[in-house]
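Each remark here refers to the structure printed beneath this line.
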Protein chains: 2
Amino acid sequence: MGRPKAGEPELGRELIAETALDILDSEGLEALSLSQIARVLNVQTSALYWYFKSKAALYEYLCELIFRRVLDDVDPSLTGRDLLYAFGRGFRSNARSSRDAAKLISVGGVSEGLRTELIPGLLRRVAVGGISPLEARQAVTAIEALSLGWAIFEGSQNPVVGEVMRQTNDQNDSAFERALHALAYGFGTDSAKKNPA
Amino acid sequence: MGRPKAGEPELGRELIAETALDILDSEGLEALSLSQIARVLNVQTSALYWYFKSKAALYEYLCELIFRRVLDDVDPSLTGRDLLYAFGRGFRSNARSSRDAAKLISVGGVSEGLRTELIPGLLRRVAVGGISPLEARQAVTAIEALSLGWAIFEGSQNPVVGEVMRQTNDQNDSAFERALHALAYGFGTDSAKKNPA
DNA sequence: ACCTGAACACCGTTCAAGT
DNA sequence: ACCTGAACACCGTTCAAGT
């Protein structure tokens with residue numbers, strides 16, 4: 001044991017990341033450690049440092065992976081506000097399908113690929129029609145924030161969301177969708193520009 | 001050393017919590033450990049267990065403390081949608097004033113006082129006029145989610161918000177305020193109930 | 001190139017023992 | 001009641017050494 005057995009998948013960034021997401025799913029963020037990953041993979045903890053220079057680097061990689069999956073699930077033909085809406089839905093449903101994924105994102109750093117490739121691409125697709133680049137950036141920020149925050153509360157035992165959860169899932173889904181809709185389609189319109197009395 | 005000196009503040013939940021928030025502020029969530037708190041306070045780590053039964057219990061206490069401060073800053077005469085708006089602003093500005101406070105909230109659990117006292121009180125103040133209790137719960141959830149998510153992105157090096165940050169603070173503030181307004185005043189209205197084509 | 005094995009400083013938690 | 005001191009299992013990281 002400890003050495004590659006025939007028939008066993010080869011150690012690498014992919015396998016390490018998948019194992020990490022499995023642990024995140026089954027045991028939560030607290031239990032997600034390099035030691036635990038190594039234990040599952042039957043290697044020494046130090047072996048992981050050949051593929052990731054630190055725990056933070058692994059976390060960045062995981063965040064990018066999650067983000068990439070969300071974008072892959074979104075209809076590529078969508079643009080503008082419809083894209084905003086679909087992105088928010090995908091972000092939350094993905095975060096909800098994997099326990100503590102939202103916590104990971106809130107704690108993990110931002111990778112190079114995310115900063116230079118994925119986000120700019122998303123922004124370009126949102127900034128169409130009457131939506132300026134600045135407006136697109138602000139809207140994406142708002143959608144990301146709502147979806148991430150919502151997923152965090154859903155994952156935790158938050159009392160507010162907890163109550164909402166105890167109602168039917170339909171009602172809860174619609175609560176999120178209503179908020180999302182208010183943001184995606186209400187942001188930057190006249191009704192959102194007015195200040196309250 | 002190690003024993004209470006005359007003139008030194010007495011060890012207790014208050015002092016431990018304040019020290020913890022100081023560390024959170026100056027060194028971030030990663031550096032916030034029981035050992036570090038004990039080191040600053042010149043006591044043994046095990047001494048802290050007299051006041052908190054675990055690290056998680058301390059985190060809960062800190063979350064409740066932060067939440068309480070946010071509510072204390074909100075004009076007590078506000079109700080309904082105006083309260084929603086003010087609560088969101090306070091939540092984010094408080095989270096922003098203390099580094100990694102948002103991360104702490106996303107990771108920390110929910111205390112008894114928060115669940116049974118603070119949140120129900122907030123809900124009661126929101127559910128006035130044309131706003132039903134269910135609607136109030138959903139709206140508070142949405143506002144909390146947006147404000148928490150926004151604060152997390154602000155605290156991190158998120159690329160989207162990072163870009164927005166590099167613009168003037170006014171612009172960034174107004175981006176958040178616009179999103180907040182869309183939620184507080186757009187949620188539950190006719191425009192938010194319609195589904196996109 | 002890829003992994004082991006040992007070492008280091010740090011962490012959360014428990015518990016007997018002191019005062 | 002309140003705190004020390006020692007112990008335990010676990011963690012991230014480094015690095016020489018093997019193949």
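Here the simple spin-label model places points 7 Å from the Cα toward Cβ, and for A:Ser174 and B:Ser54 these points are separated by 3.8 nm.
Residues whose amide H comes within less than 5 Å of that of B:Val74, counting only those at least five positions distant or on another chain, are absent (H built at 1.01 Å from N in the peptide plane). Each Lys and Arg Cβ is given +1 and each Asp and Glu Cβ -1; about its Cα centre, region A:6-126 then shows a dipole of about 480 debye.
Figure the gain on full extension for B:Val40 and B:Asp25 (residue separation times 0.36 nm, minus the Cα-Cα span) and round it to one decimal in nm. All intermediate terms of the calculation are to be shown ahead of the outcome.
Values: separation 15, 0.36 × 15 = 5.40 nm, distance 1.41 nm.
Once the chain is fully extended between B:Val40 and B:Asp25, it gains 4.0 nm.
Computed 3J(HN,Hα) for region B:53-59, one whole-Hz value per residue from the Karplus formula 6.51 cos²θ - 1.76 cosθ + 1.60 where θ = phi - 60°, is 6, 6, 5, 4, 5, 4, 4, glycine and proline marked x. Sorting the segments A:36-42, B:146-152 by their mean number of nearby beta carbons within 10 angstrom, highest to lowest, gives B:146-152, A:36-42. Averaging 1/r over each pair of different alpha-carbon atoms in region B:1-122 and inverting the result gives 15.6 Å, the Kirkwood hydrodynamic radius.
Values quoted throughout were computed directly from the atomic coordinates according to the rules given, and no laboratory measurement underlies them. In this text, all values refer to a predicted model and were calculated from it rather than measured experimentally. Here Cβ is always computed from backbone atoms with ideal geometry, including for glycine, and neighbour counts include all displayed protein chains.
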